[in-house]
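Quick notes on the structure that follows.
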Amino acid sequence: MERKHKVAVVTGASTGIGRAIAEKFLGAGYRLAVMARSEQGLLELKKQSPENVLVVPGDVTKAADLHRLVAETIKAFGAVDVVVPNAGGAKVVSFENSDQVAIADQFNLNFVAATETVRKFLPHINGGGSVLFITTFLTTVGFPGLAIYNSSKAALKSFAQTLAVELAPRKIRVNCVAPGPISTPLWSKVGLPDDVLAAVGKNINARLMPGAFGEANDIAETALFLASEGAKNIYGQEIVVDGGYTIG
């Protein structure tokens, strides 16, 4: 199959950072395969360029859904150039409530599903291609109640560093983008009451250099750069986009 456009796969693409990344790659001329549990958000994305967006609704924690994503993507496009396993989630859980079930829930989504997405696509990634994991600025700072989430993303960061070495001979680069405080729907779903969430947000803003949460597009811009020829000598790095939080 003749390929006139590069192809990017983005999971969790119906909203927030995933949606912004998908739109950024689409605007740069990529064709897209996108997955999320919310089909409506994916269909809204497809309306922007119907012939260039493949919508595959599904849950990345389910093996059958990931298999279907790979199969439909390769059937439609033949191969892929960029894989962004963005789907993930954060939930505030105190240490005393961090039992095996709570740990498994977040690790299955943030680490296992992300790495499995890449593993299943690996035979189909073109040389010169790129894998971009989404981690978090919280791999370098502590935040009460997010020990499980932070640990799952720290594991992903470490995994990416080793995978970068392993895949370099195949001319596939692996890097991470670590968002700082970003204004997305995820922020309201961490499990804190509205008043507590507002107080935490105020304290975070006071530490940010711009004085406000970043935008999803900030992460999308970085992701597009890391997948570009301009980043051809960047391997195994975690690029932190956090408004200066970790240096303040």
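The values are calculated or read from the model by the stated rules, or taken from the named source; none is laboratory data. Just so we're clear, the structure is a prediction, and the values are computed from it rather than from any experiment. Cβ placement follows ideal geometry from the backbone for every residue including glycine, while neighbour counts extend to all protein chains displayed.
A search for C-beta distances below 7 Å between a residue of segment 120-138 that is farther than 16 Å from Val10 by Cβ and any residue that is of a type in the set (D, E, K, R) and modelled with pLDDT under 95, counting only pairs 6+ apart in sequence or on different chains, returns Phe137/Asp242.
If you scan segment 7-43, which residues turn out to be over 21 Å from Asp218 (Cα atoms) and surrounded by fewer than 21 Cβ atoms within 10 Å (Cβ to Cβ)? Arg37, Ser38, Glu39, Gln40, Leu43, listed by residue number. Just need a number here: residues in segment 135-162 that are more than 17 Å from Ile234 (Cα to Cα) and either among the aliphatic types (A, V, I, L, M) or not in a helix (DSSP H, G or I) (or both). Going through segment 135-162 one residue at a time, the tally reaches 14. Of all the numbered requirements in (1) assigned to a helix (DSSP H, G or I); (2) in contact (Cβ under 8 Å) with a residue 60 or more places away in the chain, Ala87 misses one, and that requirement is (1).
Does Val165 satisfy being surrounded by 22 or more Cβ atoms within 10 Å (Cβ to Cβ), in a helix (DSSP H, G or I) and in contact (Cβ under 8 Å) with a residue 40 or more places away in the chain? Criteria not met by Val165. State which residue is farthest from Val84 (Cα to Cα) when the search covers only segment 212-248 and only residues that are in a loop (DSSP other than H, G, I, E, B) and modelled with pLDDT under 95. Looking at the filtered set, the residue picked out is Gly248. Applying the condition of being part of a helix (DSSP H, G or I) and touching a Leu at 6+ places or on another chain (Cβ under 7 Å) to segment 90-131 and asking which residue is farthest from Lys157 (Cα to Cα) yields Lys120.
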